[in-house]
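Please treat every number below as a calculation from the coordinates, not as lab data. A quick note: this is a predicted structure, and the numbers were derived from the prediction, not measured. In this analysis, Cβ positions are derived from the backbone assuming ideal geometry, glycine residues included, and neighbour counts consider all displayed protein chains.
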Amino acid sequence: MTNHLDWDPSAVGDTSASHWRVCVFFFLWWLECQSCHQPQSFPYERTDPWFLVYCPAPVTIIFFIYLFVVWFGPKLMENRKAFDLKPVLITYNFSLVGLSSYMFYEFLVTSLLANYSYLCQPVDYSNSKLGIRMAKVCWWFYISKVVELLDTVCKNEKKNIFQITFLHVYHHCTMIFNWWAAVKYVAGGQSFFIGMLNSFVHVVMYLYYGLAAMGPQMQKYLWWKRYLTILQLVQFFGIAAHTFYNLFSDCDYPDGFNFVVCLYIVSLILLFGNFYYQSYVNHKRKEE
């Protein structure tokens, strides 16, 4: 197998894109170290043949195309009329409701059939029916994160550039790499808990977006946007509690992955918490 880390980060220029490349390089270097130090713990050849899994090159290319769209999209649409994407957005959002519902069902049912522990669950690296079934739904979850990059494209085409915040870009970019790593190295195990919670939240979230895409007449039914953000925060606190417990308990799951999830989930709590405060607390105070 060729080494995808034969790259010198010092060779890049002093640009924002270069900083992103450095971050990606060290992320991949960390994963390589994890697999080198625990060679028997990562028989990842099981998922290697699956689409966008074998090496990080394709998802990294997608990542840079996404950053280009984030940068160039607003410039492209600056002097153009916003596209009428109503039929596309309705189809897109309700399709993701369906996909998220399927993934939630698969995570839940497979974990119950396999007698998964909700406190500590090692990865089942076997080719058993339930082991492969759980790995496959993890793969679908990863692919859904790639598909969800289209959220940004839709915002660009509708000229909703103020909704393309750092939180929006950060969350989408990091999720594709996080779940590439999860499917590559730890497809199954306690990572199912993150996918299951997030799939449930996304059923509700894309239902909201789908209803909103139907037009202004639906606004009277969408009073619960604030509670959607609260649901997202509850999800993050649940994942944080679950991961911190496993990080400090005697659980046969790679500590490196638990540590990264802990850091990542804290960053999301801070960013989403700030969004909630600015949107619903500080904004209300300014109105008063």
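Give the total of Lys-Lys pairs in the range 177-288 with Cα-Cα distances below 30 Å; include a pair only if its members are 8 or more places apart or on different chains. Numbers along the way, then the final one.
Numbers: K220/K284; K220/K286; K225/K284; K225/K286.
Qualifying lysine pairs in the range 177-288: 4.
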message = Along the Cα→Cβ direction, 7 angstrom out, place labels at S279 and Y54. What is the inter-label distance in nm?
response = 4.0
query = By how many nm would the segment from V234 to F83 lengthen if fully extended, with 0.36 nm per residue of separation less the alpha-carbon distance?
reply = 50.9 nm
query = Using 0.36 nm per residue, how much length does the chain from M214 to S249 gain when fully extended, once their Cα-Cα distance is taken away?
reply = 7.8 nm
query = What whole number of Å gives the distance from the Cα centroid of the range 43-89 to the Cα centroid of the range 212-288?
reply = 23
remark   = Taking Lys and Arg as +1 and Asp and Glu as -1, residues besides Q232 with C-beta under 13 Å from its C-beta add up to +2
task = Mind jotting down a quarter of the surface of the convex hull over the alpha carbons of the range 94-151, in square nanometres, one decimal?
result = 4.5
note = So V153 and I62, fully extended at 0.36 nm per residue minus their Cα-Cα distance, gain in nm 31.5 nm
